[in-house]
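Participant: This is the structure I want to talk about, given as C-alpha cells.
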Amino acid sequence: MALFVEEAVVVPMLAKMRLPRHIMLDLVTQIGGERANVREHEPANVIGFETWRWGTRLFREEDSLKELGWNLCDRDQVAGIRNSEVGIKLVCCGTDENTGTEKSPKNLSERGSSSRKLIAMNSGQMKMEFMKGEPRDDLWYYCPYFCDKFISLEISRPTSEISGIITKFSHRIVIAQPGEIPGIRRFTVPQEFADVPKPQVFRK
C-alpha cells in the first residue's frame with residue numbers, strides 16, 4: 001500500500017487527478033454539515049448511507065468539478081462522478097476512525113455486488129500518471145470520517161474486499177489527518193419549541 005500524506009506530494013497528485021485539494025476540503029465540510037443530525041449511536045449503515053447520499057449529491061452539483069471534466073456517472077450500477085480524461089470514477093464512501101491515519105480505514109456500509117466487481121477490477125496494475133490509454137476507469141473512493149472532535153479525509157483506491165468490507169487499498173492520498181479540521185456540530189432544538197404540541201389529526 002502506498003500512503004501519501006505530505007502536502008507537497010498530495011497537492012500535485014490531486015491536481016493531476018483534477019480533484020483540487022481546496023475543493024475536496026470544502027465539500028467534506030458541506031457533507032458534514034448536512035449529515036450532522038445523524039447521531040453517534042445510529043446503526044453504521046445509516047451513518048454510511050447519509051455520508052454517501054450527501055457526498056454523491058454535492059459532488060454532482062459542484063460547478064467547479066464540472067468545469068474540470070467531472071460528470072454524473074451511474075455506470076455499472078454504482079453512483080458517483082466520472083472524469084473520462086483521467087480515467088477515474090470517484091464514489092463517496094463513509095469510513096471509520098482509521099481514515100487519514102497509517103491504519104487502513106474500513107467502510108461503514110457494506111459494498112454491494114456492483115461495487116465489489118469494480119473493486120476486483122482494481123486489483124490489476126494501475127498507471128499512476130492518470131493519462132489516457134486505460135481500457136476502463138479506475139474506481140477511487142472519497143473517504144470522509146466525521147465525529148464531534150474532528151473530520152478526517154482521504155481519497156483512496158480499493159483493491160480487495162471481503163463480504164462487502166474493504167480490506168486493502170493500493171493507494172491512499174490523505175487530505176486531512178485527524179485533528180486538522182474541526183468536528184461536526186449537531187443541531188439542538190430549543191426546549192420551548194420541542195414542547196410545542198403537535199396539531200391533532202381527525203379522520204373524515
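Participant: Going by the conditions given, is residue 55 in contact with a strand residue (DSSP E or B) (Cβ under 6 Å, 6 or more places away or on another chain), part of a loop (DSSP other than H, G, I, E, B) and touching a residue at least 40 places away in the same chain (Cβ under 8 Å)? Don't jump to the end; show me each part of the working.
Facilitator: Details: in contact with a strand residue (DSSP E or B) (Cβ under 6 Å, 6 or more places away or on another chain): yes; part of a loop (DSSP other than H, G, I, E, B): no; touching a residue at least 40 places away in the same chain (Cβ under 8 Å): yes.
Answer is no for this residue.
Participant: While we're on this one: So if I check each of 66, 117, which one is surrounded by fewer than 17 Cβ atoms within 10 Å (Cβ to Cβ), without any contact (Cβ under 8 Å) to a residue 24 or more places away in the chain and not hydroxyl-bearing (Ser, Thr, Tyr)?
Facilitator: The unique qualifying residue is 66.
Participant: Can you confirm whether residue 19 is in a helix (DSSP H, G or I) and closer than 13 Å to residue 154 by Cα?
Facilitator: no
Participant: Regarding residue 100, is this residue closer than 27 Å to residue 168 by Cβ, in contact (Cβ under 8 Å) with a residue 40 or more places away in the chain, in contact with a strand residue (DSSP E or B) (Cβ under 6 Å, 6 or more places away or on another chain) and surrounded by 14 or more Cβ atoms within 10 Å (Cβ to Cβ)?
Facilitator: Considered against the rule, which asks whether it is closer than 27 Å to residue 168 by Cβ, in contact (Cβ under 8 Å) with a residue 40 or more places away in the chain, in contact with a strand residue (DSSP E or B) (Cβ under 6 Å, 6 or more places away or on another chain) and surrounded by 14 or more Cβ atoms within 10 Å (Cβ to Cβ), residue 100 comes out as yes.
Participant: Could you tell me which numbered condition residue 42 fails, if it satisfies all but one of (1) over 26 Å from residue 84 (Cα atoms); (2) touching a residue at least 40 places away in the same chain (Cβ under 8 Å); (3) outside any helix (DSSP H, G or I)?
Facilitator: Among (1) over 26 Å from residue 84 (Cα atoms); (2) touching a residue at least 40 places away in the same chain (Cβ under 8 Å); (3) outside any helix (DSSP H, G or I), the lone unmet condition for residue 42 is (2).
Participant: Quick one: count up the residues across segment 84-98 that are assigned to a loop (DSSP other than H, G, I, E, B) and closer than 15 Å to residue 167 by Cβ.
Facilitator: The qualifying residues number 3.
The numbers here are math on the coordinates, done by the rules we state, and not lab data. Values in this document were obtained by computation on a predicted structure and should not be read as measured data. With ideal geometry, Cβ positions are generated from the backbone for all residues, glycine too; neighbour counts draw on all protein chains shown.
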